[in-house]
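The structure appears below as structure tokens.
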Amino acid sequence: MIYFIDFGMPVKKSGIEHAAINRMHLFEKHGVDYRLLNRDWDANLHSETRKMGIDDTHLINMFDYYQGSLIMEDKAISAEEVDLGLDPSLLIYTEDIDNKTYEVTRLDGMLFAKIGYRAEDKTVNFVESYDSFGKLIYIDYYDSRGFKTVRCFNFNQTGISNQQWYTPNGKVVISCALKLDGNKNIQLSGFILTKSDGKVYQFDTIDDMFSDFINQINNQTSPGNIMVIDQPIIADEALLNLDKPAYTIAHLHNSHVLDFRSPMTSELNEFFEYQLSNADKYDGFIAATEHQTRDVQARFPDIKKLYTIPVGIVPDELFQEPQIPMAEREYGNITVLARIAHEKRHADIIRAVAKAHEQVPEITLNMYGYANSNELKNELETLITNVHMEKVIKFHEYTTDNDAVLNKAQVFCVTSLFEGFNLAALESSSHGLVGVTYDIEYGPQEIIQDGFSGYIVREHDIDALAEKFVKLFKDQNLLQQMSTNAYVSAKRYSAESIWKKWEQLLKDGSKEA
């Protein structure tokens, strides 16, 4: 069995989660079984993975596993069906549609509970319980499949609380302490786990418990397991201390160095430091580009096996769709798909568009993605105001309908500090957008073919970015030719070509069994 280790599947996904979804569909297409090993609890995990086309049988979440809720039939629970411990005839339910809650009061008007529901189906999301003084006692959270999954007690004066996870029939199997750190962020510690055999175990941190969980899964299904860490840090040490052998792989989803210009001497990306410091102890590593593979191999010659497997996959269905001519798209539309983070350097794109606007007044910049920092987003919005581009440059919310967004755009841009691959660049190219990017590693240099499907300019050269925007929008023939070339270039990342690379890893892993 091949296992992919990650935190979970959040609603707002990073490139790692999007890459995982693409990969899962690829494995299913070729009839190769797999499992996702997730660490974090999420009441909406299964509803989210189902939206992504991932069946419950392929998902092993640590909390689900110990709660006995890996695979369950959905049960819709409405607010009125929640047992609050009082005769319903003694309670009054008042709906607050804006906040998606019911306020439950006793006949004397005293607040008794608040019941939150999910907007899409009005099933219960959480229940807040209050004492006779109107003080919150605890909150029960409900799994999207219809059972109480966890209770979180209200913090006391010491800033300490606790949390309990339940089986679907109401038995406590996991508990932990919740503490507020110096920044008032909640930290979980002191996990107490009761396994199915009745034995009780204690773990200092969630990572300690997850390491034990991974080892337990491997023991049950070995030999022949392949374990791939998608998220660094989450299980690095665990894979090096398994009771039974497994083919262990560290997946480099980002640049392994902070300065790709000096790959042999640069400080390592802290997220990969443990993996690369123990490189010879893993069975192999995966990089997404040939260039990164060469750099990693040169600096870490003790690595046993290096695989180059792009994380981006262009689905066959997209190749079968008709190409959209530039004349049918929004003239001057530059679209960026990227979370708002310092390393993405949105400010450079904003300044370049402001310069290009002087010669192409129809130009627009549309930026889609969630914000890692509201402070940064506010700074960027201030910059947009300062360059008088409020009507030209817009932020949009994170979107899952990338096809609709990209099918009307003409150009995309990447100005990141560094990349591991950049799924957005491949997805944009596969929709016929022309790329304009900085000369950065790793990914954009290989996805965009300079002078063929887009342009690669010197890093930090905002004037060059603006110049390329103007050149493309003022020459419709050039823009159309490069768009056609982008469609062609994307064929290098077809599902079949990527699968052949995975086949080699699967073959190597089976030899080690």
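The values are calculated or read from the model by the stated rules, or taken from the named source; none is laboratory data. In this text, all values refer to a predicted model and were calculated from it rather than measured experimentally. Positions of Cβ are backbone-derived with ideal geometry, glycine not excepted, and every protein chain shown enters the neighbour counts.
I'm trying to understand the selection: among the residues of the stretch 293-344, which are farther than 24 Å from residue 439 by Cβ and in contact with a Pro (Cβ under 9 Å, 6 or more places away or on another chain)? The one that is farther than 24 Å from residue 439 by Cβ and in contact with a Pro (Cβ under 9 Å, 6 or more places away or on another chain): 332.
Tell me whether the stretch 74-83 contains one or more residues that are surrounded by fewer than 16 Cβ atoms within 10 Å (Cβ to Cβ), on the phi > 0 side of the Ramachandran plot and in the same structural domain as residue 129 (by TED's automatic domain parsing).
Our first condition is that a residue be surrounded by fewer than 16 Cβ atoms within 10 Å (Cβ to Cβ); within the stretch 74-83, this holds for 74-76, 78, 80-81, 83.
From what's left, on the phi > 0 side of the Ramachandran plot: none.
Taking every residue of the stretch 74-83 in turn, none turns out to be surrounded by fewer than 16 Cβ atoms within 10 Å (Cβ to Cβ), on the phi > 0 side of the Ramachandran plot and in the same structural domain as residue 129 (by TED's automatic domain parsing).
Within the set 427, 362, the sole residue that is in the same structural domain as residue 464 (by TED's automatic domain parsing), exposed (fewer than 15 other Cβ atoms within 10 Å of the Cβ) and touching a Gly at 6+ places or on another chain (Cβ under 9 Å) turns out to be 362.
Tell me, yes or no, whether the stretch 494-509 has at least one residue that is in a helix (DSSP H, G or I), in the same structural domain as residue 360 (by TED's automatic domain parsing) and either out of contact with any helix residue (DSSP H, G or I) (no Cβ under 9 Å at 6 or more places or on another chain) or surrounded by 24 or more Cβ atoms within 10 Å (Cβ to Cβ) (or both). Among the residues of the stretch 494-509, not one is in a helix (DSSP H, G or I), in the same structural domain as residue 360 (by TED's automatic domain parsing) and either out of contact with any helix residue (DSSP H, G or I) (no Cβ under 9 Å at 6 or more places or on another chain) or surrounded by 24 or more Cβ atoms within 10 Å (Cβ to Cβ) (or both), which makes the answer no. Residue selection: residue 487 fails the criterion of being in a loop (DSSP other than H, G, I, E, B) and in contact (Cβ under 8 Å) with a residue 60 or more places away in the chain. Scanning the stretch 302-340 for residues that are at pLDDT 95 or above, assigned to a helix (DSSP H, G or I) and not small (Gly, Ala, Ser) yields 326, 328.
When you check residue 343 against the structure, is it out of contact with any His (no Cβ under 6 Å at 6 or more places or on another chain) and assigned to a helix (DSSP H, G or I), yes or no?
Yes: the conditions hold for residue 343.
One residue stands out among those in the stretch 90-113 that are outside any loop (DSSP other than H, G, I, E, B) and out of contact with any Leu (no Cβ under 9 Å at 6 or more places or on another chain): the one that is surrounded by the most Cβ atoms within 10 Å (Cβ to Cβ), which is 102. Every test in (1) touching a strand residue (DSSP E or B) at 6+ places or on another chain (Cβ under 8 Å); (2) exposed (fewer than 15 other Cβ atoms within 10 Å of the Cβ); (3) closer than 30 Å to residue 287 by Cβ is passed by residue 400 save one, and that test is (1). Looking across 89, 144, 69, 129, one residue alone is among the hydroxyl-bearing types (Ser, Thr, Tyr) and farther than 30 Å from residue 202 by Cα. It is 89. Restricting the search to strands (runs of 3 or more DSSP E) fully inside the stretch 150-254 and requiring at least 2 residues that are modelled with pLDDT under 90 gives 160-166, 172-180, 186-194. Of the candidates 200, 150, the single residue that is more than 30 Å from residue 32 (Cα to Cα), touching a strand residue (DSSP E or B) at 6+ places or on another chain (Cβ under 9 Å) and buried (at least 18 other Cβ atoms within 10 Å of the Cβ) is 150. Do the conditions hold for residue 443, that is, is it crowded, with 24+ Cβ neighbours inside 10 Å and at positive phi? Yes: the conditions hold for residue 443. Only one of the numbered conditions (1) farther than 26 Å from residue 30 by Cα; (2) out of contact with any strand residue (DSSP E or B) (no Cβ under 9 Å at 6 or more places or on another chain) is not met by residue 348, and that is (2).
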